[in-house]
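Presented below is the structure to which this report refers.
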Amino acid sequence: MKVTPCAIADVLLIEPRVFGDERGFFFESFNQRAFNLATGLAPSFVQDNHSKSARGVLRGLHYQLHQPQGKLVRVVAGEVFDVAVDIRRNSPTFGKWAGEILSADNKRQLWVPPGLAHGFLVLSETAEFLYKTTDYYAPEFERCIAWNDPDLAIVWPTPQGGRQLSAKDAAGVTFLQAELTD
């Protein structure tokens, strides 16, 4: 596996070794020992999530104020633009974002450590998104920062047909209004 730090050094782009031939392909989507050795981290994952979304669906920017979740994310069908935002006040990259294209074709994964906000935009007709989390979902602690916050200035791709947001995501607060982590 190849591990590359992103614009936020704690956010890691992970590219697995893929073995393919005319029959198809094989790769280990997760191996705890290999992950720990390659990243220097040893997270304990407690929950796996799977979502399917249509083109233009933008989910995020989500985080949990308490019980922050580290996330190992990947796409098994389609393509997304995946974003992590550093909301840790004491971090040297506070207020910065990192974005990567994740797809079923490139098989890339992104490690988003606890204490960051996360979101993605579906670029293909549909996308299936899988992620492992280091803590359980706690809706009472979930918060949402506006995807189009001017202070963050995330450069989102423009999908065909525009963007679709849930009511919760459309009501996201600005970065300056958000409750943040240390």
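Only the coordinates and a few stated rules stand behind these numbers; no lab work does. Predicted model, so just to flag it, every value in this text is computed and none were measured. Backbone-built Cβ (ideal geometry, glycine too); neighbour counts: all protein chains shown.
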For a quick check of your reading of the filter: which trypsin sites (Lys or Arg not before Pro) in the stretch 84-153 sit in a DSSP loop and have no more than 12 other Cβ atoms within 10 Å?
ARG89
Show me the chymotrypsin sites (Phe, Trp or Tyr not before Pro) within the stretch 99-182 that DSSP assigns to loop and that have at most 16 other Cβ atoms within 10 Å of their Cβ.
TYR136, TYR137
Using unit Cβ charges (K, R positive; D, E negative) and no other charged atoms, how large, in debye to the nearest 20, is the dipole of the stretch 107-166 about its Cα centre?
260
Given contacts defined as C-alpha pairs under 8 Å and at least six residues apart, what's the relative contact order of the stretch 82-123, whole-number percent?
51
Report, ordered by chain and residue number, the lysines lying within cross-link reach of LYS52, taken as a straight Cα distance under 26 Å and ignoring same-chain residues fewer than 8 apart.
LYS71, LYS107, LYS132, LYS168
Just check the stretch 124-167 against the gyration tensor rule for me: Cα atoms, a ≥ b ≥ c as the square roots of the eigenvalues, rounded for a/c under 1.5, and otherwise prolate or oblate depending on whether a/b exceeds b/c.
oblate
Taking only C-alpha pairs under 8 Å that are 6+ residues apart, what is the relative contact order of the stretch 17-94 in percent?
10
How far, in nm, would the chain grow between ASN148 and ARG89 when pulled straight, counting 0.36 nm per residue and subtracting the alpha carbon separation?
19.2 nm
Answer in debye to the nearest 20: the dipole magnitude of the stretch 1-159 about its Cα centre, from +1 Lys/Arg and -1 Asp/Glu charges placed on Cβ, is 240
Among beta bridges assigned by DSSP with both residues in the chain, the antiparallel ones amount in percent, to the nearest 5, to 95
Expected 222 nm ellipticity per residue - DSSP helices of 4 or more, -39500 (n - 2.57), all of the chain, to 500:
-1500 deg cm²/dmol
Added length on full extension, which subtracts the Cα-Cα distance from 0.36 nm per residue, TYR136 to HIS50:
29.5 nm
Over the stretch 1-149, relative contact order from alpha-carbon pairs under 8 Å, at least 6 apart, %:
34
